[in-house]
1. Multiplying the sequence separation of residue 275 and residue 153 by 0.36 nm and subtracting their Cα-Cα distance, what value in nm do you get?
2. Set the Förster radius R0 to 22 Å, insert the Cβ-Cβ distance between residue 287 and residue 162 as r into 1/(1 + (r/R0)^6), and round the FRET efficiency to 0.05.
3. Taking 0.36 nm per residue of sequence separation and subtracting the Cα-Cα distance, how much length would be gained by fully extending the chain between residue 127 and residue 1, in nm to one decimal?
4. Find, to one decimal place in angstroms, the Kirkwood hydrodynamic radius of the chain, where the mean of 1/r is taken over every pair of different Cα atoms and then inverted.
5. With contacts defined as alpha carbon pairs under 8 Å and 6 or more residues apart, what's the relative contact order of the chain in percent?
6. Any idea how far apart residue 140 and residue 252 come out in nm if each label point goes 7 Å out from Cα toward Cβ?
7. Show that you can apply the helix-only estimate: for the chain, add -39,500 (n - 2.57) for every DSSP H stretch of four or more residues, divide by all residues, and state [θ] at 222 nm to the nearest 500.
8. For the chain, set up a Gaussian network in which alpha carbons nearer than 10 Å are linked by springs, and say which option among 242, 274, 125 fluctuates the most.
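Every number in this text was worked out from the coordinates using simple rules, so none of it is lab data. Just so it is clear, the model here is predicted, and its values are computed rather than measured. No Cβ is skipped: glycine too gets one built from the backbone with ideal geometry, and neighbour counts run over all protein chains shown.
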Ligand SMILES: Nc1nc2c(ncn2[C@@H]2O[C@H](COP(=O)(O)OP(=O)(O)OP(=O)(O)O)[C@@H](O)[C@H]2O)c(=O)[nH]1
Ligand SMILES: [Mg+2]
Ligand SMILES: [Zn+2]
């Protein structure tokens with residue numbers, strides 16, 4: 001029996017499409033694994049001859065909505081229209097950082113009047129996160145900018161509704177239909193919210209679209225988790241006077257993060273939203289234990 005490591009790229013009614021190097025194969029899950037809920041993105045052991053999944057490898061991470069595993073990178077798409085919700089963007093950044101998913105901020109629809117948004121995004125996130133600008137209507141530009149970023153990784157498109165996530169996937173689609181051929185049949189056109197599918201692009205890039213949303217709660221995050229998932233605080237916090245500094249209640253003398261805000265090294269609005277998210281987590285925590 002030849003057992004081969006593969007990654008699930010699509011799951012429809014008990015049939016799993018798996019990728020083994022460059023090869024695509026449709027297999028069944030073994031009965032005893034079915035309860036284990038195999039997810040798109042899972043690495044599994046496949047019995048190539050009998051076309052069944054024999055075992056599931058441990059996951060690096062997983063998202064529940066949509067159900068996806070082993071995500072390496074998230075393209076957080078924003079646009080001048082619909083207007084960005086910065087608190088939502090910060091929540092996504094916190095969540096992805098905690099799951100060890102590398103975020104990239106993609107400003108889409110730059111063919112519309114986007115200068116103001118570009119300046120705002122840059123002043124809030126530059127030096128912390130990778131920021132890219134595209135118009136999904138321009139297929140060439142989208143491919144040229146995104147292909148090197150996507151290369152060799154499993155990435156997802158995420159963000160508010162109607163920012164252009166599916167349009168970006170469509171812009172990258174010529175390569176997709178070439179590589180997965182008939183397998184793209186079911187997922188053609190606008191992605192529906194129901195099923196997750198990983199599209200195989202050139203250079204080993206794998207990309208999944210996700211349904212847009214307008215709200216996200218960080219229910220599982222304690223106040224400490226909130227603090228820990230701001231990468232721009234990491235280098236500074238060793239200079240705070242107290243080890244457990246929450247960067248809110250100490251004086252400027254005692255808190256390096258607050259000094260960085262004062263000196264405009266950290267954007268004030270981003271910091272204020274941090275205080276909001278910390279306080280929300282604090283209230284939740286006190287309700288839970290108190
Ligand atoms: N002008 C312009 N319009 C765009 C661009 N990208 C997408 N759109 C338009 O924005 C609208 C929404 O695009 P979608 O790709 O469906 O957005 P989405 O993020 O997938 O939306 P959900 O699936 O609801 O989350 C469509 O009318 C697109 O044609 C762009 O770069 N420029
Ligand atoms: Mg969409
Ligand atoms: Zn501090």
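1. Details: separation 122, 0.36 × 122 = 43.92 nm, distance 3.33 nm.
That works out to 40.6 nm of additional length.
2. My answer for the efficiency is 0.05.
3. Numbers: separation 126, 0.36 × 126 = 45.36 nm, distance 5.09 nm.
Contour length minus the Cα-Cα distance gives 40.3 nm.
4. Values: mean 1/r = 0.0484 Å⁻¹.
Its Kirkwood hydrodynamic radius stands at 20.7 Å.
5. Working: 492 pairs, mean separation 42.2, N = 290.
Relative contact order comes out at 15 percent.
6. It works out to 5.2 nm between the two label points.
7. Values: 10 runs with 94 residues, N = 290.
Using -39500 (n - 2.57) per qualifying helix, the result is -9500 deg cm²/dmol.
8. Maximum fluctuation in the GNM of the chain, among the listed residues, is at 242.
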